[in-house]
Amino acid sequence: MTLIPGDGTGPEIVEATRRAIEATGVDITWDVQEIGMPAIEKVGTPFPQAALDSVRRNKVALKGPLTTELGTGFRSVNVALRKEFDLYANLRPAKTYKGVRAPKGDVDLVIVRENIEDLYAGIEFDINTPELARVRAVIEQEGKTKIREDAAIAIKYISVMGSRRIVRFAFDYARENHRKKVTAVHKSNIMKFADGLFLRVAREVAQEYPDIAFEDRIVDNMCMQLVQKPELYDVIVLPNLYGDIVSDLVAGLVGGLGVAPGANIGTDVAVFEAIHGSAPKYAGQNKMNPMAVMLAGVLMLRHLGERSAGDRLERAIAEVVAEGKDVTYDLKPTADDPTAVGTSQFADAVIRRMGAPVHA
Ligand code: NAD
């Protein structure tokens, strides 16, 4: 298994997670690799070949957050990792745990976001460039529409292949995890071709899964319904842009960034991580909540077929959080609560709950 500690507070929370995963009794050999800023410092490149080879070989990685340094000239390593391994599915379960302050109780949703296509494919044309002028000319001619000269352009594309595989992923996930319904989200009333295609393909794929219910929702209505009645939904599949926004909305419903895990999954490789960033100002302070990376570890264990170990780890985390004693500052009633424990003490409490000995 490849273990990428990340940077900022990443190494602390990843280490806490490694200990908690080992306490489940599953035998994992960790292959520790650096990418991003730590790799630049050590070997001068954000993507050392050895790290990429390790991920390709092990097929599964647990990753800490990586700081995106603005203005250093290399694009986000997180995005690059997704492209390198064609990690087309972003899986974001969102569940309320007792003890986590959340605006909504009893949320148990899974967001499946397409990760490669759509407006986020990076096809953009900057204002006042010759490329933009050529693209504008084609659009004006073919689309019979005028585009202002002071506009920049970003292209949204959605393919049959991309839609089919993400919707199949959502249905397969639903089936494997005993979920009952998949909801496809779109705006096909306005974007009749791109979003219309997504919806058409989703309806076709749904026919292959008669045991799972299917419905669709327009994205704006979906946002309102999720705030008012999240309990009506189960697995939700969305194109990239809507998925990005709606998955954060849902993370907010269950208590925010500190408690939400994610996974980026492709045909061959899967990378598990928290959705929060590296919170660099707290680096080295043993302060951050490791719960989100630990829950990513739960997803990883289930992905590896270690379902009962995953269930045990999730139960232990839930019990520690529900008790509210050995938890980090963000899970206490106030951020300056003197009874808050550190990252590694939270891990110790989770390990003890599983009945395992605590090793530093
Ligand atoms: P962030 O998520 O790192 O932190 C924002 C704030 O949220 C923190 O200051 C802290 O108060 C709180 N917080 C976040 N995680 C927490 C935790 N585990 N426990 C308790 N509190 C927590 O967001 P940011 O400051 O916008 O980003 C910092 C860096 O991380 C940026 O460079 C960004 O690009 C990067 N980032 C990386 C990933 C990734 O690696 N997948 C994801 C998001 C952001």
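The values are calculated or read from the model by the stated rules, or taken from the named source; none is laboratory data. Just so it is clear, the model here is predicted, and its values are computed rather than measured. So basically every Cβ, Gly included, is an ideal-geometry build from the backbone, and we count neighbours across all protein chains shown.
Ile13 meets the conditions (1) away from the ligand (no atom under 15 Å from the Cβ); (2) assigned to a helix (DSSP H, G or I) in every case but one. The failed one is (1). Filtering the range 180-193 to residues that are small (Gly, Ala, Ser) and surrounded by 21 or more Cβ atoms within 10 Å (Cβ to Cβ) leaves only Ala184. When Thr334, Thr267, Thr339 are screened for being of a type in the set (S, T, N, Q), in the same structural domain as Glu22 (by TED's automatic domain parsing), away from the ligand (no atom under 11 Å from the Cβ) and closer than 30 Å to Ile158 by Cβ, only Thr267 passes. Of the residues Ile40, Ile28, Ile35, which is more than 22 Å from the chain's Cα centre (by Cα) and under 25 Å from Gly122 (Cβ atoms)? It is Ile40.
Take the residues in the range 270-302 that are in a strand (DSSP E or B) and small (Gly, Ala, Ser), then tell me which one is modelled with the lowest pLDDT. Among residues in the range 270-302 that are in a strand (DSSP E or B) and small (Gly, Ala, Ser), the one modelled with the lowest pLDDT is Ala274. Within the range 53-62, being touching a residue at least 60 places away in the same chain (Cβ under 8 Å) and away from the ligand (no atom under 15 Å from the Cβ) holds for Arg56, Lys59, Val60. Go through the residues of the range 162-177 one by one and say whether even a single one is within 21 Å of the chain's Cα centre (by Cα), of a type in the set (Asp, Glu) and within 28 Å of Ile218 (Cα to Cα). So far as the range 162-177 goes, yes, one or more of its residues are within 21 Å of the chain's Cα centre (by Cα), of a type in the set (Asp, Glu) and within 28 Å of Ile218 (Cα to Cα).
If the condition is being among the small types (Gly, Ala, Ser) and either without any contact (Cβ under 8 Å) to a residue 60 or more places away in the chain or farther than 10 Å from Ile212 by Cα (or both), then the range 159-180 contributes Ser159, Gly162, Ser163, Ala170. Report yes if Asp7 is farther than 22 Å from Ile265 by Cβ, within 13 Å of the ligand (Cβ to nearest atom) and of a type outside the set (Phe, Trp, Tyr), otherwise no. So Asp7 passes the test.
Has the range 40-52 got at least one residue that is part of a helix (DSSP H, G or I), among the small types (Gly, Ala, Ser), within 15 Å of the ligand (Cβ to nearest atom) and in the same structural domain as Gln285 (by TED's automatic domain parsing)? Scanning the range 40-52, I find at least one residue that is part of a helix (DSSP H, G or I), among the small types (Gly, Ala, Ser), within 15 Å of the ligand (Cβ to nearest atom) and in the same structural domain as Gln285 (by TED's automatic domain parsing), so the answer is yes. Annotation for the range 312-327: no member residue is surrounded by fewer than 19 Cβ atoms within 10 Å (Cβ to Cβ) and under 14 Å from Val26 (Cα atoms).
Looking at the range 282-294 only, could you name the residues that are near the ligand (Cβ under 6 Å from one of its atoms) and either farther than 10 Å from Glu12 by Cα or more than 19 Å from the chain's Cα centre (by Cα) (or both)?
Listed by number, the list holds a single entry, Ala292.
Check Pro65, Pro93 and return the single one that is within 15 Å of the ligand (Cβ to nearest atom), assigned by TED's automatic domain parsing to the domain that holds Ala322, under 27 Å from Pro230 (Cβ atoms) and in contact with a strand residue (DSSP E or B) (Cβ under 7 Å, 6 or more places away or on another chain). Full working, then the answer.
Numbers: Pro93 fails: within 15 Å of the ligand (Cβ to nearest atom).
After ruling out the rest, the residue left standing is Pro65.
Quick check on the range 305-319. Is at least one of its residues in the same structural domain as Ile21 (by TED's automatic domain parsing), within 16 Å of the ligand (Cβ to nearest atom), more than 18 Å from Arg101 (Cβ to Cβ) and in contact (Cβ under 8 Å) with a residue 60 or more places away in the chain? Write out each step before concluding.
Initially, the range 305-319 is screened for residues in the same structural domain as Ile21 (by TED's automatic domain parsing), giving 305-319.
Applying the additional criterion that residues be within 16 Å of the ligand (Cβ to nearest atom) yields 317.
Now drop any that are not more than 18 Å from Arg101 (Cβ to Cβ), which leaves none.
Taking every residue of the range 305-319 in turn, none turns out to be in the same structural domain as Ile21 (by TED's automatic domain parsing), within 16 Å of the ligand (Cβ to nearest atom), more than 18 Å from Arg101 (Cβ to Cβ) and in contact (Cβ under 8 Å) with a residue 60 or more places away in the chain.
When you check Ala279 against the structure, is it within 8 Å of the ligand (Cβ to nearest atom), under 12 Å from the mean Cα position of the chain (by Cα) and either farther than 27 Å from Thr183 by Cβ or buried (at least 21 other Cβ atoms within 10 Å of the Cβ) (or both), yes or no? Break it down into steps so the answer makes sense when it comes.
On the way: within 8 Å of the ligand (Cβ to nearest atom): yes; under 12 Å from the mean Cα position of the chain (by Cα): no; either farther than 27 Å from Thr183 by Cβ or buried (at least 21 other Cβ atoms within 10 Å of the Cβ) (or both): yes.
Criteria not met by Ala279.
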